[in-house]
1. Taking the simple approach of a point 7 Å from Cα along Cα-to-Cβ for both Glu278 and Val148, what is their distance in nm?
2. Highest GNM mean-square fluctuation, the chain, Cα pairs closer than 10 Å: which of Leu403, Leu158, Leu93?
3. Tell me the per residue accessible area of region 252-396 using a 1.4 Å probe; a whole number in Å² is fine.
4. With everything on Cα atoms, drop me the angle between helix 180-194 and the longest principal axis of the chain, reported from 0 to 90° to the nearest 10.
5. Treating the angle as unsigned and between 0 and 90°, give the value, to the nearest 10°, between the Cα long axis of helix 76-88 and the longest Cα principal axis of the chain.
6. How long is region 275-329 along each principal axis, judged by its Cα atoms, biggest number first, in Å?
7. First measure r as the distance between the Cβ atoms of Tyr180 and Lys118, then evaluate 1/(1 + (r/R0)^6) with R0 = 22 Å and state the FRET efficiency to the nearest 0.05.
8. What is the log10 of I(q)/I(0) for region 296-426, computed with the Debye formula using one identical point scatterer on each Cα and no solvent, at q = 0.13, 0.21 Å⁻¹?
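The values are calculated or read from the model by the stated rules, or taken from the named source; none is laboratory data. Note that this is a predicted model, so its numbers are computed, not measured. All Cβ positions, even for glycine, are placed from backbone atoms using ideal geometry, and neighbour counts span all protein chains on display. The protein model used for the area step is the full one, side chains on, heavy atoms only, and it has no ligands, DNA or RNA in it. Shrake-Rupley method; radii C 1.70, N 1.55, O 1.52, S 1.80 Å.
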Amino acid sequence: MKSIVVVGSQWGDEGKGKITNYLASKADVIIRYQGGDNAGHTVIFNNNEYHLRSIPSGIFYEDKLNIMGNGMVINPLSLAKEMEELLASGYSLNNLVISPLATLDLSYHIALDGLKEKALKDKNIGTTKKGIGPTYTDKAERSSLRMVDFIDPDFANLYKTKLLEKNKLIEFYGGEPISYEDTISDYLKARELILPHVKETVSLLAKLRKENKKILFEGAQGTMLDVDFGTFPYVTSSNTIAGGALSGSGIGLGYIDGAIGIIKAYTTRVGEGPFVSEFENETADKIREIAHEYGVNTHRPRRIGWLDLVQLKYSKNVNGFEYGALTLLDVFSHLDEIKVCVAYEVNNQKIDYLPSSLKTLYQAKPIYKTFKSFKGVDISNIKKFEDLPIEAKEYIKFIEEYLEIKFVIISTGRDKDQTIIREDIF
């Protein structure tokens, strides 16, 4: 495939960073198409660990173009800090382009995010308080500032006008108004760093496609956090599914060849909301510590559950992927047994589809199939599928048959070399 979308198939945190970094090594262009700095990718490159928040995972390859697409919401201060960190690590950032149509996540959005979440009290949705929701709200009601406004010489006045308006709302929610004088200098400093990277991207992508370049589309979070198809309202504010790559980048439907679903060998989620296969015991604690299941940016402990094939079948349907990448398989080397959710029980009835009603999802009980573990077997240096323990192969084949997909990549450890490549699709 010449163009492919990398999509998280669960609630995010599937290990997309590693897989995207591997695929980025084969791509010419990497474009991030949605979300903001509320979700991060952990990438290990040249034996160094990096925590990316907004910049695409291909930034470490100087010969590859990295685009921050129009579907993103960008916090200029956070982006500038991320850029400074990469510059300090020796990366030139000459390969970074930012869409002028991306929406700005500003000081008042962040303030309102925290205040609104606090006002919800016990009905809060577990937002990261990074301003993402209020920013997308402004975008939807057509009142937001965009990157094209940020690079405008009149940005200071545009920001001041918006800030005066939003301060009234901040005070309504019981917050302290934000000082223009205390914040504008930081934005103008960030503007100097960001401005040279802002370029028109629609015609650029069209040109690159005509030149037969390989284009990789990278999203944040996962399918079940999609604003339309996720566990609403416990979702993010953008379209995290593969279809979001179209509206979030400016490329046409016929110009994307396919998608690859990233699937963690078990399931995790951060924040509130239904989670049918969740369990909390010593095994969950062990998984959390072994795999360091804490948010990249928030450091919140992730909730742990077994692999949920009902949810994954739903994810496959809305994303349309035929290929998968299985991550964190090595964690099972430490467990006594492995379980997989194959159906739900709701009101004494067995169902094999994901209900739309949250009320029903909260009532659903998982029906499990149990697999033997390969405890004690170190799989981190295995390079061929055939060399995996029979228990691991049976587990993988069962998932493939259930979902009717093929795992072309299997991650057996954190390092990029700890990977089994079964088929080169990109």
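1. Distance between the two pseudo-spin positions: 4.2 nm.
2. Among Leu403, Leu158, Leu93, the largest mean-square fluctuation in the Gaussian network model of the chain belongs to Leu158.
3. 47 Å²
4. Between helix and principal axis, roughly 70 degrees.
5. Rounded to the nearest ten degrees, it is 70.
6. 33, 23, 20
7. Values: r = 24 Å, r/R0 = 1.08.
Between Tyr180 and Lys118 the formula returns 0.40.
8. With no solvent term, the Cα-only Debye profile gives -0.64, -1.33.
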